[in-house]
Each structure stands twice: as structure tokens, then as C-alpha cells.
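What follows draws every value from the coordinates through simple rules; no lab data is involved. Keep in mind that what you see is a predicted model, and the values were worked out from it rather than measured. All Cβ positions, glycine included, derive from the backbone under ideal geometry; neighbour counts span all protein chains shown.
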């Protein structure tokens with residue numbers, strides 16, 4: 001009986017090590033695949049979020065420019081557009097405004113900054129009997145993605161008086177300047193506008 005037990009073969013140390021090596025290789029391959037799947041999912045979510053932001057910004061800009069009656073200054077290749085339009089009371093224009101990219105303190109100067117948010121500035125608001133420009137963000141920070149992932153870059157307004165249209169272009173990028181979406185569209189104001 002002792003002889004029979006001695007002849008029964010078990011796993012040798014080499015066989016055990018080969019088995020463990022194969023298991024570790026298989027596990028590593030699975031982890032690489034899972035990480036790639038999560039990265040792909042994250043990229044698709046970011047692209048979707050950028051497309052939503054692009055559509056939201058397109059709508060916000062279009063709604064704002066739709067009521068233009070006068071556009072001031074050079075608009076070609078500009079990140080800022082000054083305009084008049086919208087509400088009138090007793091034939092008197094009640095709104096002068098500006099769209100730009102920047103932060104609240106710099107928006108009225110038309111200076112883009114690294115924050116890359118769309119700003120609307122109501123110009124010549126009377127505060128304490130003095131005219132003042134009042135800038136504010138059209139969309140809150142959460143609209144730009146998780147932790148402010150996205151920003152507007154290369155915003156450009158071009159006004160064509162003859163065609164009565166305002167062409168708008170912009171890119172949506174992340175903090176590393178990786179492009180996620182681009183937009184190019186025309187706005188045809190409801191009223192005939194003039195370029196000053």
C-alpha cells in the first residue's frame with residue numbers, strides 16, 4: 001500500500017509555477033481590457049457632454065442675436081460682439097448688450113481668459129445715477145461639464161450687412177486644448193440690422 005501511495009503523482013513545483021504564470025497573464029489581459037473599456041466609455045460620455053454644451057451654446061447665442069438691430073465695431077475674427085436690439089418702450093431702445101468669452105471682471109473689455117465661459121454684458125445700466133456695464137455668465141459653470149471640463153475657444157462673430165446674417169464659430173475644448181466639438185452657424189436677426 002505504501003508503494004501505491006508513492007507512485008501517485010501530484011503537482012510538481014514547476015507545474016504549479018506554470019499554472020500561476022498562466023493565471024497571472026490571463027488576469028493582466030483582462031485588466032487591460034477592462035481599463036480600455038472604461039477609458040472608451042469616459043471618452044464617449046465626454047463627447048456627448050460636449051455635443052450637449054455645443055447645442056446649448058448655439059441656442060443661447062442664436063436667441064441673443066436674433067433681436068439685433070445694430071452691431072458696433074469690428075466683428076470679424078472677434079471674440080466679442082456688441083449689439084442693440086430687443087425690448088423697446090415708447091419707441092426707445094431699452095437694451096444694449098454684448099456677448100463675449102471671459103470671466104465676469106474682464107467680459108466687458110472683451111478679453112478672453114483661460115476660463116472660457118460665455119458672458120452677456122448689459123451695457124449702460126443706470127446704477128446710482130451712473131451708467132455701468134453689468135456682466136454675467138449666460139450658463140452656470142456646471143453646464144461646462146464635470147469640474148469645468150470644457151471651455152469655449154476661438155469664438156468668432158462675423159456680421160454681413162448685405163446678407164443680413166451673423167456668422168458664429170467656436171470650438172469646445174478641455175483644459176489640455178483637446179477639441180471635443182466645433183460649431184459653425186448663421187443667425188438671421190428678425191429685424192434689419194445695421195453695422196456701425
_Based only on other Cβ atoms within 10 Å, what is the fewest-to-most ordering of 67, 17?_
17, 67
*What full-extension length gain, to one decimal in nm, is calculated for residue 177 and residue 154 as 0.36 nm per residue of separation minus the Cα-Cα distance?*
7.2 nm
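Taking other Cβ within 10 Å of each residue's Cβ, how do 13, 139 sort, fewest first?
Details: 13 7, 139 15.
Ascending number of Cβ neighbours within 10 Å: 13, 139.
Can you give the extra length, in nm with one decimal, that the chain gains between residue 128 and residue 32 once fully stretched, where that is 0.36 nm per residue apart less the Cα-Cα distance?
Details: separation 96, 0.36 × 96 = 34.56 nm, distance 6.37 nm.
My answer for the length gained is 28.2 nm.
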*Cα centroids of segment 9-65 and segment 142-186: how far apart, whole angstrom?*
29 Å
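Taking neighbour counts of Cβ atoms within 10 Å as a proxy for exposure, in what order, fewest first, do 192, 82 appear? Present the calculation step by step, with values, prior to reporting the outcome.
Values: 192 9, 82 22.
By the 10 Å Cβ count, ascending: 192, 82.
Percent relative contact order of segment 120-196, based on C-alpha pairs within less than 8 angstrom and at least six residues apart? The partial results should precede the final answer.
Numbers: 114 pairs, mean separation 15.1, N = 77.
This gives 20 percent for segment 120-196.
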_Packing-based order for 165-173, 181-189, 53-61, using average beta carbon neighbours within 10 Å, highest first_ = 165-173, 53-61, 181-189
